[in-house]
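Q: Structure provided below as C-alpha coordinates; questions to follow.
The values are calculated or read from the model by the stated rules, or taken from the named source; none is laboratory data. The model shown is predicted, which means the values in this text are computed figures rather than measured ones. As a convention, Cβ positions derive from the backbone with ideal geometry for all residues, glycine included, and neighbour counts pool all protein chains shown. Heads up: the accessible areas ignore ligands, DNA and RNA and are worked out on the full protein's heavy atoms, side chains in. Shrake-Rupley method; radii C 1.70, N 1.55, O 1.52, S 1.80 Å.
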Amino acid sequence: MTKARRFYESATAVEIAGNWAIQLDGRPVRTPGGVPLQVPYNKLGQAMAQEWDAQGDDINPATMPLCGLANAAIGRIASDRTVFIDQLSHYAKSDLICYWADEPEDLVSRQGEVWQPLLNWAGSALGAHLTATSGVIHVDQPAEAIQAITAKVGRLNDFELAAVTDIATSLSSVVMALAVYHGQLSAVAAYDAAMVDEHYQAEKWGEDKEALDRQRQIKVDVLATATFLELIQ
(Lines give C-alpha, C1' and ligand atoms only; values in the text may rest on other atoms or scores of the structure.)
Protein backbone atom coordinates (compact mmCIF):
# COMPACT_ATOMS: atom_id res chain seq x y z
CA MET A 1 0.00 0.00 0.00
CA THR A 2 1.36 3.40 -0.98
CA LYS A 3 1.93 5.71 1.95
CA ALA A 4 0.98 9.35 1.88
CA ARG A 5 4.01 11.60 1.89
CA ARG A 6 4.21 14.45 4.34
CA PHE A 7 3.33 17.62 2.43
CA TYR A 8 3.35 20.26 5.19
CA GLU A 9 5.81 21.96 7.48
CA SER A 10 3.78 22.34 10.66
CA ALA A 11 0.41 21.54 12.20
CA THR A 12 -1.57 23.82 14.49
CA ALA A 13 -4.87 23.85 16.36
CA VAL A 14 -6.71 27.09 15.62
CA GLU A 15 -9.79 28.28 17.52
CA ILE A 16 -12.78 28.80 15.24
CA ALA A 17 -16.16 29.66 16.72
CA GLY A 18 -15.46 27.82 19.96
CA ASN A 19 -13.97 24.75 18.30
CA TRP A 20 -10.35 23.84 17.68
CA ALA A 21 -9.59 23.15 14.03
CA ILE A 22 -6.51 21.26 12.88
CA GLN A 23 -4.62 23.08 10.16
CA LEU A 24 -1.55 22.09 8.16
CA ASP A 25 0.42 25.16 7.10
CA GLY A 26 -2.79 27.12 7.58
CA ARG A 27 -4.92 24.77 5.48
CA PRO A 28 -7.80 22.92 7.22
CA VAL A 29 -7.67 19.17 7.72
CA ARG A 30 -10.82 17.24 6.88
CA THR A 31 -12.13 13.88 8.09
CA PRO A 32 -12.27 10.97 5.61
CA GLY A 33 -15.89 12.01 5.03
CA GLY A 34 -14.87 15.53 4.04
CA VAL A 35 -16.00 17.28 7.24
CA PRO A 36 -13.59 19.82 8.80
CA LEU A 37 -11.58 18.19 11.61
CA GLN A 38 -12.67 20.39 14.52
CA VAL A 39 -13.12 19.45 18.17
CA PRO A 40 -14.67 21.39 21.08
CA TYR A 41 -11.72 20.68 23.37
CA ASN A 42 -8.58 22.81 23.45
CA LYS A 43 -6.36 20.14 25.00
CA LEU A 44 -7.49 17.51 22.52
CA GLY A 45 -7.00 19.88 19.58
CA GLN A 46 -3.47 20.69 20.67
CA ALA A 47 -2.64 16.99 21.14
CA MET A 48 -4.06 16.14 17.69
CA ALA A 49 -1.90 18.85 16.12
CA GLN A 50 1.09 17.30 17.86
CA GLU A 51 0.25 13.94 16.29
CA TRP A 52 0.40 15.57 12.85
CA ASP A 53 3.62 17.39 13.75
CA ALA A 54 5.24 14.14 14.91
CA GLN A 55 4.86 12.48 11.49
CA GLY A 56 8.01 11.73 9.55
CA ASP A 57 8.47 11.72 5.79
CA ASP A 58 5.41 9.47 5.49
CA ILE A 59 2.04 9.96 7.19
CA ASN A 60 1.04 6.92 9.25
CA PRO A 61 -2.56 7.10 10.58
CA ALA A 62 -1.79 4.24 12.98
CA THR A 63 0.42 6.63 14.96
CA MET A 64 -2.41 9.17 15.29
CA PRO A 65 -4.98 7.46 17.55
CA LEU A 66 -6.39 10.74 18.90
CA CYS A 67 -7.16 11.96 15.40
CA GLY A 68 -8.65 8.57 14.57
CA LEU A 69 -11.05 8.74 17.50
CA ALA A 70 -11.98 12.32 16.68
CA ASN A 71 -12.64 11.29 13.07
CA ALA A 72 -14.91 8.51 14.33
CA ALA A 73 -16.82 10.86 16.62
CA ILE A 74 -17.32 13.48 13.91
CA GLY A 75 -17.71 11.34 10.83
CA ARG A 76 -19.44 8.19 12.07
CA ILE A 77 -21.00 8.53 15.51
CA ALA A 78 -22.51 12.00 15.01
CA SER A 79 -24.48 10.76 12.01
CA ASP A 80 -25.78 7.52 13.57
CA ARG A 81 -25.40 7.33 17.34
CA THR A 82 -27.96 4.51 17.59
CA VAL A 83 -25.63 2.02 15.91
CA PHE A 84 -22.93 2.55 18.51
CA ILE A 85 -25.31 2.62 21.47
CA ASP A 86 -26.81 -0.67 20.24
CA GLN A 87 -23.31 -2.11 19.89
CA LEU A 88 -22.52 -1.32 23.52
CA SER A 89 -25.86 -2.74 24.59
CA HIS A 90 -24.90 -5.94 22.78
CA TYR A 91 -21.58 -6.06 24.65
CA ALA A 92 -23.47 -5.72 27.92
CA LYS A 93 -25.42 -8.87 27.09
CA SER A 94 -22.20 -10.90 26.88
CA ASP A 95 -19.74 -8.90 28.96
CA LEU A 96 -16.42 -10.62 29.59
CA ILE A 97 -16.64 -10.22 33.37
CA CYS A 98 -19.84 -12.29 33.45
CA TYR A 99 -18.17 -15.45 32.11
CA TRP A 100 -15.92 -17.10 34.66
CA ALA A 101 -13.96 -20.31 34.24
CA ASP A 102 -15.23 -23.61 35.66
CA GLU A 103 -11.71 -24.52 36.73
CA PRO A 104 -8.91 -24.54 37.78
CA GLU A 105 -9.61 -23.08 41.19
CA ASP A 106 -6.70 -20.63 41.16
CA LEU A 107 -7.86 -19.12 37.84
CA VAL A 108 -11.41 -18.78 39.15
CA SER A 109 -9.98 -17.09 42.25
CA ARG A 110 -8.03 -14.60 40.13
CA GLN A 111 -11.10 -13.77 38.06
CA GLY A 112 -13.09 -13.21 41.22
CA GLU A 113 -10.52 -10.84 42.66
CA VAL A 114 -10.74 -8.45 39.72
CA TRP A 115 -14.15 -9.14 38.17
CA GLN A 116 -16.40 -9.35 41.22
CA PRO A 117 -15.59 -5.77 42.33
CA LEU A 118 -16.48 -4.62 38.81
CA LEU A 119 -19.79 -6.48 38.93
CA ASN A 120 -20.48 -4.89 42.30
CA TRP A 121 -19.60 -1.45 40.93
CA ALA A 122 -21.84 -1.93 37.89
CA GLY A 123 -24.72 -2.70 40.23
CA SER A 124 -24.16 0.20 42.59
CA ALA A 125 -22.93 2.92 40.21
CA LEU A 126 -24.68 2.01 36.97
CA GLY A 127 -27.79 0.31 38.32
CA ALA A 128 -26.85 -2.71 36.21
CA HIS A 129 -27.03 -5.92 38.27
CA LEU A 130 -25.46 -8.34 35.82
CA THR A 131 -25.50 -12.12 36.24
CA ALA A 132 -22.21 -14.04 36.30
CA THR A 133 -21.93 -17.65 35.21
CA SER A 134 -19.30 -20.39 34.92
CA GLY A 135 -18.30 -21.64 31.50
CA VAL A 136 -19.08 -20.34 28.04
CA ILE A 137 -22.81 -21.12 27.79
CA HIS A 138 -24.66 -17.86 27.21
CA VAL A 139 -26.63 -16.49 30.14
CA ASP A 140 -29.46 -14.01 29.59
CA GLN A 141 -28.90 -10.77 31.49
CA PRO A 142 -31.74 -9.03 33.32
CA ALA A 143 -33.51 -6.61 31.01
CA GLU A 144 -33.25 -3.91 33.67
CA ALA A 145 -29.45 -4.23 33.71
CA ILE A 146 -29.20 -3.88 29.93
CA GLN A 147 -31.58 -0.93 29.98
CA ALA A 148 -29.48 0.78 32.67
CA ILE A 149 -26.27 0.43 30.66
CA THR A 150 -28.00 1.48 27.43
CA ALA A 151 -29.33 4.59 29.14
CA LYS A 152 -25.90 5.37 30.57
CA VAL A 153 -24.07 5.17 27.22
CA GLY A 154 -26.92 7.02 25.53
CA ARG A 155 -26.12 10.08 27.65
CA LEU A 156 -22.50 10.20 26.46
CA ASN A 157 -21.61 12.83 23.89
CA ASP A 158 -20.20 11.79 20.52
CA PHE A 159 -16.57 11.98 21.63
CA GLU A 160 -17.17 10.11 24.87
CA LEU A 161 -19.16 7.49 22.99
CA ALA A 162 -16.30 7.00 20.52
CA ALA A 163 -13.86 6.37 23.38
CA VAL A 164 -16.11 4.07 25.40
CA THR A 165 -16.96 2.05 22.29
CA ASP A 166 -13.28 1.69 21.44
CA ILE A 167 -12.32 0.43 24.91
CA ALA A 168 -15.32 -1.89 25.12
CA THR A 169 -14.40 -3.39 21.75
CA SER A 170 -10.76 -3.84 22.74
CA LEU A 171 -11.53 -5.46 26.11
CA SER A 172 -14.86 -7.19 25.28
CA SER A 173 -16.39 -5.41 28.26
CA VAL A 174 -18.64 -2.36 28.35
CA VAL A 175 -18.45 -2.43 32.16
CA MET A 176 -14.67 -2.02 32.06
CA ALA A 177 -15.00 0.74 29.47
CA LEU A 178 -17.45 2.65 31.65
CA ALA A 179 -15.26 2.05 34.70
CA VAL A 180 -12.37 3.72 32.88
CA TYR A 181 -14.64 6.56 31.78
CA HIS A 182 -15.79 7.18 35.35
CA GLY A 183 -12.28 6.91 36.80
CA GLN A 184 -13.10 3.70 38.67
CA LEU A 185 -10.30 1.87 36.84
CA SER A 186 -7.08 3.07 35.28
CA ALA A 187 -6.46 2.03 31.70
CA VAL A 188 -3.67 -0.33 32.80
CA ALA A 189 -5.88 -1.91 35.48
CA ALA A 190 -8.67 -2.40 32.95
CA TYR A 191 -6.27 -4.05 30.50
CA ASP A 192 -4.93 -6.35 33.23
CA ALA A 193 -8.48 -7.23 34.28
CA ALA A 194 -9.39 -8.17 30.71
CA MET A 195 -6.25 -10.29 30.34
CA VAL A 196 -6.60 -12.41 33.47
CA ASP A 197 -7.10 -15.60 31.47
CA GLU A 198 -4.30 -14.85 29.00
CA HIS A 199 -1.80 -14.00 31.72
CA TYR A 200 -2.72 -17.14 33.64
CA GLN A 201 -2.23 -19.34 30.58
CA ALA A 202 1.14 -17.69 29.83
CA GLU A 203 2.32 -18.42 33.36
CA LYS A 204 1.27 -22.06 33.07
CA TRP A 205 2.33 -22.87 29.53
CA GLY A 206 4.68 -20.11 28.45
CA GLU A 207 4.19 -17.07 26.26
CA ASP A 208 3.13 -17.26 22.63
CA LYS A 209 4.72 -14.55 20.50
CA GLU A 210 1.66 -13.99 18.32
CA ALA A 211 -0.64 -13.77 21.34
CA LEU A 212 1.81 -11.49 23.12
CA ASP A 213 1.97 -9.14 20.13
CA ARG A 214 -1.82 -9.01 20.02
CA GLN A 215 -2.02 -8.25 23.75
CA ARG A 216 0.57 -5.49 23.46
CA GLN A 217 -1.40 -3.84 20.67
CA ILE A 218 -4.58 -4.00 22.74
CA LYS A 219 -2.76 -2.33 25.63
CA VAL A 220 -1.41 0.41 23.36
CA ASP A 221 -4.90 1.03 21.97
CA VAL A 222 -6.55 1.17 25.39
CA LEU A 223 -3.91 3.53 26.79
CA ALA A 224 -4.30 5.85 23.80
CA THR A 225 -8.07 5.90 24.17
CA ALA A 226 -7.76 6.60 27.90
CA THR A 227 -5.57 9.58 27.01
CA PHE A 228 -8.29 10.75 24.63
CA LEU A 229 -10.80 10.56 27.49
CA GLU A 230 -8.53 12.56 29.78
CA LEU A 231 -8.24 15.29 27.15
CA ILE A 232 -11.99 15.71 26.80
CA GLN A 233 -12.95 15.53 30.47
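Q: When averaged across all projection directions, what area in nm² does the alpha-carbon convex hull of segment 87-199 cover?
A: Over every viewing direction, the Cα hull of segment 87-199 projects on average to 6.4 nm².
Q: Tell me, what is the 1.4 Å probe accessible area of THR63, in Å² to the nearest 10?
A: 80
Q: Below 15 Å, Cα to Cα, which aspartates and glutamates can LYS204 reach? Residues fewer than 8 away in the same chain don't count.
A: LYS204 reaches GLU103, GLU105, ASP106.
Q: Rounded to the nearest 500, what is the 222 nm mean residue ellipticity of the chain from helices alone, with -39500 (n - 2.57) per DSSP H run of 4+ residues and division by all residues?
A: Result for the chain: -17000 deg cm²/dmol, rounded to the nearest 500.
Q: Can you give the Rg to Rh ratio of segment 50-109, both from alpha-carbon atoms, with Rh computed by the Kirkwood formula?
A: That ratio equals 1.25.
Q: Right, something else. Counting only chymotrypsin sites (Phe, Trp or Tyr not before Pro) that sit in a DSSP loop (anything but H, G, I, E, B) with at most 16 other Cβ atoms within 10 Å, what is the longest stretch of the chain containing none of them?
A: With chymotrypsin sites (Phe, Trp or Tyr not before Pro) excluded where exposed in loops, the chain gives 9-233 as its longest stretch.
Q: Mind checking the angle between helix 158-171 and the chain's longest principal axis? C-alpha axes, 0 to 90 degrees, to the nearest 10.
A: So the helix axis and the longest Cα principal axis differ by about 50 degrees.
Q: Let me ask something else about it. Direction-averaged shadow area of the convex hull around the Cα atoms of the chain, nm²?
A: 14.2
Q: Pick out, in residue order, every one of the GluC sites (Glu not before Pro) in segment 137-233 that is DSSP loop and has at most 11 other C-beta atoms within 10 Å; say none if there are none.
A: Within segment 137-233, no GluC sites (Glu not before Pro) qualify (loop, at most 11 other Cβ atoms within 10 Å).
Q: With respect to the cross-link table entries LYS93/LYS219; LYS152/LYS209; LYS3/LYS152; LYS3/LYS209, which display a Cα-Cα separation exceeding 30 Å?
A: Table pairs above 30 Å Cα-Cα are LYS152/LYS209; LYS3/LYS152.
Q: In whole Å, what are the extents of segment 1-137 along the principal axes defined by its C-alpha atoms, from largest to smallest?
A: 59, 32, 26
Q: Please say if segment 185-233 is rounded, prolate or oblate, where rounded means a/c under 1.5 for a ≥ b ≥ c the square roots of the C-alpha gyration tensor eigenvalues, and otherwise the choice is prolate for a/b larger than b/c and oblate otherwise?
A: Cα axes put segment 185-233 in the oblate bin.
Q: Scan the chain and hand back the longest stretch that contains none of the trypsin sites (Lys or Arg not before Pro) lying in DSSP loops with at most 14 other Cβ atoms within 10 Å.
A: 7-154
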